[in-house]
Amino acid sequence: MCNHARPRRSYPSVSIVVPVYNEETAISLFLEAVISVLEADSKNWEIIFVNDGSSDQTLSVIRNHSIEDPRIKGVDLSRNFGKEIALTTGLDFASNQVVIPMDVDLQDPPQLIPEMIDRWRDGYEVVLAKRSDRKSDSFAKRLSASMFYCTMSRLTKIDIPANVGDFRLLGSDAMATLRKYPERERFMKGLFASLGFKTATIEYVRPERSTGETKFNPWKLWSLALEGIISFSSTPLKIWTYIGITCATASALYLLTILIKTIILGIDMPGYASLMCVVLFMNGLILTGLGVIAEYIARIFNEVKNRPLYVVQECIGKFDPDALVQCASAYTEGQRWRPSL
Ligand code: UDP
Ligand code: MG
């Protein structure tokens, strides 16, 4: 019997991708923690910060670190595009064998990186970091997160793993596939999950933010959750057929009751209150249905405009120019946009 076991992969080159928005105090702490972990195993790494339109000194902090060590690089976006787009930008610019997106506030513990790489070397293409509990979150955030994952698992065909954020390792095959996704509306957790590939999971406890404040208020979190559901499921759209059928059947039955009552008991005029209730209820239902349809139309509108997903005003450090050519989100047909590399 021949042995088909694949030889263990050798240690990879690593790209760490970090979107940053007004994080001048967090960057140095982050670099100190991450570089000591990376340097322990290899010198072949890069850290790409994507400055998402910060209004503080974030950009000059990145610039100073990049002068000290050219493996620290920066991509400066022309304005605030939001975390999902900033992350996409960084992933487009990353060119090493494995790519790890991380938050700058050290809530994604760098100590997990060697274990993730170990799993990749064992043959896994994707390694997820899953929160073993959500104790560091407020009650409201825990409740909304569990409602979100429950809704997502019911409504979508893709299995979006619960309590897994953007912190994960992606091998080059997974990255090549992700780069082919051209959509403008980007719910990264969903896009990552839709890749598939041989996946390992490691668990961790998420610490508190190292410094600064969260950039996500409840409204932003709600918008992100809505984005996830609408981008990955057409159920909210289709459900209106069934709501319509149910209402029409109930109305027909009610009509029949009124007809029978009128025939038996004669003409009866009261019913202003019940009439108003039915009219208002039906109007509410129709407007809700229209609202759901509008959510989808708005996204179709954004997709067909086909605008560049992000605009880069400056690149700090040296990037591989070929890496971007593969990216559907950076290069769209007829609209070849190239940052200065
Ligand atoms: N971030 C970003 N653009 C934004 C908001 C956030 O690049 O518009 C970055 C932020 O600097 C951080 C990461 O996304 O590196 C996660 O943000 P945060 O820690 O505020 O989110 P939370 O952990 O509270 O969900
Ligand atoms: Mg955070």
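The values are calculated or read from the model by the stated rules, or taken from the named source; none is laboratory data. Since the structure is predicted, the reported quantities are computational estimates derived from the model, not experimental observations. Neighbour counts run over all protein chains shown; Cβ positions are idealised from the backbone, glycine included.
Miscellaneous remarks
- Residues that are among the small types (Gly, Ala, Ser), part of a helix (DSSP H, G or I) and buried (at least 16 other Cβ atoms within 10 Å of the Cβ) within the stretch 172-222 comprise 174, 190, 193, 194, listed in sequence order.
- Residue list for the stretch 151-171, filter: closer than 20 Å to residue 203 by Cα and not in a loop (DSSP other than H, G, I, E, B): 164, 165, 166, 167, 168, 169, 170
- Residue 148 in a helix (DSSP H, G or I), within 14 Å of ligand 1 (Cβ to nearest atom) and under 26 Å from residue 177 (Cβ atoms): yes
- The one condition in (1) away from ligand 2 (no atom under 16 Å from the Cβ); (2) more than 18 Å from the chain's Cα centre (by Cα); (3) at pLDDT below 90 that residue 179 fails to fulfil: (2)
- Inter-residue pairs, beta-carbon under 7 Å, first touching a residue at least 12 places away in the same chain (Cβ under 8 Å) and within 24 Å of residue 187 (Cβ to Cβ) and in the stretch 70-87, second more than 7 Å from ligand 1 (Cβ to nearest atom) and of a type in the set (Ser, Thr, Tyr), 6+ apart: 75/89; 77/89; 77/310; 81/310; 85/310
- Conditions (1) at pLDDT 85 or above; (2) of a type in the set (Val, Ile, Thr); (3) under 30 Å from residue 241 (Cα atoms): number failed by residue 316: (3)
- Among the residues of the stretch 133-156, those that are surrounded by 11 or more Cβ atoms within 10 Å (Cβ to Cβ) and of a type in the set (S, T, N, Q) comprise 136, 144, 146, 151, 153, 156.
- Selection within the stretch 1-41 - farther than 18 Å from residue 166 by Cα, polar (S, T, N, Q) and either within 16 Å of ligand 1 (Cβ to nearest atom) or surrounded by 13 or more Cβ atoms within 10 Å (Cβ to Cβ) (or both): 13, 22, 25, 28
- Output for the stretch 253-294, where each listed residue is part of a helix (DSSP H, G or I) and β-branched (Val, Ile, Thr): 257, 258, 260, 262, 263, 264, 278, 279, 286, 288, 292, 293
- Filtered by the rule that a residue be within 12 Å of ligand 1 (Cβ to nearest atom) and not in a loop (DSSP other than H, G, I, E, B), the stretch 77-107 gives 77, 83, 84, 85, 86, 87, 88, 89, 90, 101.
- Taking (1) among the basic types (Lys, Arg); (2) modelled with pLDDT under 85; (3) assigned to a helix (DSSP H, G or I) in turn, residue 134 satisfies each apart from (3).
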